[in-house]
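What follows draws every value from the coordinates through simple rules; no lab data is involved. These numbers were taken from a predicted model, which means no experiment stands behind them. Cβ: placed from backbone, ideal geometry, glycine included. Neighbour counts: every protein chain shown.
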Amino acid sequence: MEEKLFTIGQAAEYLGVSLNTLRRWDENGKLVAIRKDGGTHRYYRQQDLDLFASNLIKLAHDWTTDGSELPAMFYCANSAVFQARLIKMQDTLVRSGLSENLVPLIVSVAGEIGNNSFDHNLGKWPDIPGVFFGYDVTKRQVVLADRGLGILSTLSRVRPELKTHVDALRVAFTEVVSGRAPEARGNGLKFVRRVVAENPVSLFFRSGDAELRLKKDNNELFITRSQSITRGCFAVIEY
Amino acid sequence: MRIELKKFGTTLISRQSGKEAFAALQSTVIDIAVDEIIEIDFEGVITFSPSWGDEFLTPLLNQFGDRLVLLPTSNPSVKITIKLLEEINKESFKAKS
């Protein structure tokens, strides 16, 4: 039986991106279309679209790098959309049978990281507002990213002595300091660290050229410099 | 007086909604007796975070001090949040055992 193919219009609707984005992705090889018998019309297999949308880390990384359009299902343009999707993730995690101890921790860690993006960048987004938010209950993975100012730029307003992304990341995860002084803020990432240190959860977090790894049931901070620079923040939670 | 947090939602995450919840509660607590205890009941809450807690519990602690009492819960997101808020604010919440 011949496999049903999506037209470019159907594929655009399926992924929640524009036709032009699909054409561009076809031209640059990001998501290559099928052409029947050497024709000019673009077609897509559903399994290729699903595979494309399942690579959360690549989608988020590409978005922070080039800012190209995201599949609508992963883009939260504002905090209200993020809150609604976070509640949906909570329901999905509960239904997936994840332990009732772990569900609140995964949701609160994702919530603190995502809300940090909105709280610290509100009115200051350099270009595209909002966050990437995707999760995969089979891979037990949550991915968040933003194209905001990043940790160093945010913290250096209240801690001007901070000069490197590595130092900024260390402060963000260890010291109580607010990036929105004089308001008393800045405890979200300390909470994240504590949850990871005491539970079977791990975190990868990158901002600027600094990468932090927090490992399951381990209180140590592993911070290194990365090869490339990340615009804003990029986080992967695994459980 | 017992405040059931589930009436504010089962996912208590953002600073903004914590602030709104605190503001909404003010109309309820404004008339309470000067010696009345305010109990915070976490029953039914699935996810709790320091952002929400800092906008709701911290100002309530400042407002009512020892009259604010947290009821016991096994929810780990509540427990870690309370501990962190106590360290940040350098003030302990009164807890009912």
*Where labels lie 7 Å past Cα in the beta-carbon direction, separation of A:V137 and B:E86 in nm*: 3.5
*Straight-distance crosslink candidates among aspartates and glutamates, where the alpha carbon sits under 15 Å from A:K215 and sequence neighbours closer than 8 are dropped*: A:E198, A:E238
*Per-residue mean of other chain beta-carbon atoms within 10 angstrom of the beta-carbon, peptide B:42-52?*
6
*Ranked A:L122, B:L70, A:L56, criterion: other C-beta atoms within 10 Å, fewest first*: A:L122, B:L70, A:L56
*asked:* Between B:A23 and B:A95, how high is the FRET efficiency from 1/(1 + (r/R0)^6) when r is the Cβ-Cβ distance and R₀ = 25 Å? Nearest 0.05.
replied: 0.50
*asked:* What do you get for GluC sites (Glu not before Pro) in chain B restricted to DSSP loop and a cutoff of at most 13 other Cβ within 10 Å of the site's Cβ?
replied: B:E36, B:E43, B:E91
*Please report, in debye to the nearest 20, how large the charge dipole of chain A is about its Cα centre when each Lys and Arg carries +1 at its beta carbon and each Asp and Glu carries -1 there.*
320
*Shielding by partners for B:75-82, please: the mean number of other protein chain Cβ atoms within 10 Å of each residue's Cβ.*
6
_Just to confirm the filter: which trypsin sites (Lys or Arg not before Pro) across the range A:61-162 are DSSP coil and have at most 14 other Cβ within 10 angstrom of their Cβ?_
A:K124, A:K139, A:R157
*Ranking A:T224, B:T10 by Cβ neighbours within 10 Å, fewest first, what do you get?*
A:T224, B:T10
*Which whole-angstrom value gives the distance between the alpha carbon centres of the range A:183-229 and the range A:89-118?*
17
*Which residue fluctuates the most in chain B, going by a Gaussian network model with Cα springs under 10 Å, if the choices are B:D35, B:D54, B:D66?*
B:D35
*Exposed-loop-free span, longest in chain A, where GluC sites (Glu not before Pro) count as exposed if DSSP calls them loop and at most 15 other C-beta atoms lie within 10 Å*: A:4-99
*How far, in nm, would the chain grow between A:S226 and A:S18 when pulled straight, counting 0.36 nm per residue and subtracting the alpha carbon separation?*
71.6 nm
*In the range A:31-102, with Lys and Arg counted as +1 and Asp and Glu as -1 at Cβ, which of these residues, A:I87, A:V32, A:N101, has the Cα nearest the positive end of the dipole, that is, farthest along it?*
A:V32
*asked:* Using a Gaussian network model on chain A with a 10 Å cutoff between Cα atoms, which of A:S96, A:S202, A:S108 fluctuates the most?
replied: A:S96
*Which of the trypsin sites (Lys or Arg not before Pro) across chain B are loop residues per DSSP, with 13 or fewer other Cβ within 10 Å?*
B:K90, B:K96
